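Worksheet: the structure to be examined is printed underneath.
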Amino acid sequence: MSALPTAPSVPDPSQPSLLDPTGAFRDHYNRRSFMFAHGLSANPLFDLDNLLELAKRTPPQHEPYWSNGKVAIGNKWEAGTGGRASLPDTIANIEHNDSIVILKHTEQDPVYGPVLQDFLARVVAFAGEQMRSDVIVGETLILISSPNRVTPYHFDAETNFLVQVRGDKWFYVFDHEDRSLVTNEEREQYFAGDISSAVYRAERQKDAIAYDLKAGHGIHVPVAAPHWVQNSDNVSVAISVNYELRSVERTAKIHRINSRLRRLGLTPTPPGVSPVGDLFKLAAAGTIAGVRSLSRGGRSARTYGVWTPPPA
């Protein structure tokens, strides 16, 4: 396992919610994981009582996730979702029920929105045009989890900034460029809809970077970097600040076509191996998407507001 990274100093809470004195966001964005400091830990919005009220007013179309009971590193996201307690009860008893709650699209909430949208914009401003021109939408999810709770091994299609607000945890991140960690088949399954497709291999744990993540700090997780989390002996509150990217959507379309080809018994080439082949697959993906759009009457799949980056 890689050596423990050094945590930067936490900014004065009277200062802006995020600072980047060394240019880390510009230099390392989507290239490697890194730790940063933030100023959200003093904000009472992230106290449990206020988060419980946020959960109660969360619209059903935002599809909050919660899971009760012990899970293992290699479990799928479905673990603990059968016969679970209600969402308010899960949050109210989070200290004792070995659970995790994920409140989605919290940047759209009238109370939390101004703070979280400001944070979304600051990240983009620090990373610069390389990020701004690539972002489709930004979103924030608030994660509330019990003492010692595990978040299973997985990867995400979004570029992510995990912001620790309350409590502390061990956060393990693997190299997103190491293609031996996640197979092409696992990637295809993910983009075809199986968000738990990545398989944890205990013998590869030594290849992770281990972050001792405490309140007032955050970690950047590049697109498709596998990771898992072990909470310390305290309730944890964190914000997942993530962004859908145009560059990833292109790759996702190719993976989805490859998944179809593999089901036909073929062995498709991964994205980037054959530029001409990729163009044909993108054309096919566009045709399929057009047919699906017509079958829906041209309606968008989104039924809620979204955040997009402001002009430079």
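Table: residues versus (1) closer than 22 Å to E158 by Cα; (2) modelled with pLDDT under 95; (3) in contact with a His (Cβ under 7 Å, 6 or more places away or on another chain).
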position: D12; (1), (2), (3): no, yes, no
position: M35; (1), (2), (3): yes, no, yes
position: A42; (1), (2), (3): no, yes, no
position: L52; (1), (2), (3): no, no, no
position: P60; (1), (2), (3): no, yes, no
position: G69; (1), (2), (3): no, no, no
position: A72; (1), (2), (3): no, no, no
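Here S180 meets the list (1) over 18 Å from G218 (Cα atoms); (2) within 17 Å of the chain's Cα centre (by Cα); (3) surrounded by fewer than 17 Cβ atoms within 10 Å (Cβ to Cβ) almost entirely, failing just condition (2). Checking each residue in the range 27-68 for being surrounded by 14 or more Cβ atoms within 10 Å (Cβ to Cβ) and on the phi > 0 side of the Ramachandran plot picks out only N30. Residues that are over 22 Å from K214 (Cα atoms) and in contact (Cβ under 8 Å) with a residue 12 or more places away in the chain do occur in the range 36-52.
Can you tell me how many residues in the range 172-198 are in contact with a Phe, Trp or Tyr (Cβ under 8 Å, 6 or more places away or on another chain) and of a type outside the set (F, W, Y)? Here the count works out to 8.
The single condition from (1) surrounded by 20 or more Cβ atoms within 10 Å (Cβ to Cβ); (2) in contact (Cβ under 8 Å) with a residue 60 or more places away in the chain that K214 fails is (1).
Does V115 fit the bill of being within 17 Å of the chain's Cα centre (by Cα) and not aromatic (F, W, Y)? Give the steps one after another, and end with the answer.
Numbers: within 17 Å of the chain's Cα centre (by Cα): no; not aromatic (F, W, Y): yes.
In short, no.
Among the conditions (1) at positive phi; (2) touching a residue at least 60 places away in the same chain (Cβ under 8 Å); (3) in contact with a strand residue (DSSP E or B) (Cβ under 9 Å, 6 or more places away or on another chain); (4) not aromatic (F, W, Y), G128 misses just one, which is (3).
Exactly one residue out of V237, V199 is among the aliphatic types (A, V, I, L, M), crowded, with 21+ Cβ neighbours inside 10 Å and farther than 22 Å from M131 by Cα: that is V237.
Filter the range 158-177 down to residues that are among the hydrophobic types (A, V, I, L, M, F, W, C) and under 14 Å from the mean Cα position of the chain (by Cα), then give me how many there are. It would help to see each step written out before you state the result.
Step one: filter the range 158-177 for residues among the hydrophobic types (A, V, I, L, M, F, W, C), giving 161-163, 165, 170-171, 173-174.
Filter again for under 14 Å from the mean Cα position of the chain (by Cα), leaving 161-163, 171, 173.
Of the residues in the range 158-177, 5 are among the hydrophobic types (A, V, I, L, M, F, W, C) and under 14 Å from the mean Cα position of the chain (by Cα).
Sub-9 Å Cβ pairs linking a first residue in the range 268-284 that is basic (K, R) to a second residue that is not in a loop (DSSP other than H, G, I, E, B), at least 6 apart or interchain, are K281/K253; K281/I254; K281/R256; K281/I257; K281/N258; K281/L261, ordered by first then second residue.
The values are calculated or read from the model by the stated rules, or taken from the named source; none is laboratory data. What you see is a predicted model; the values in this text were computed from it and never measured. Cβ atoms come from the backbone with ideal geometry, glycine included; neighbour counts cover every protein chain shown.
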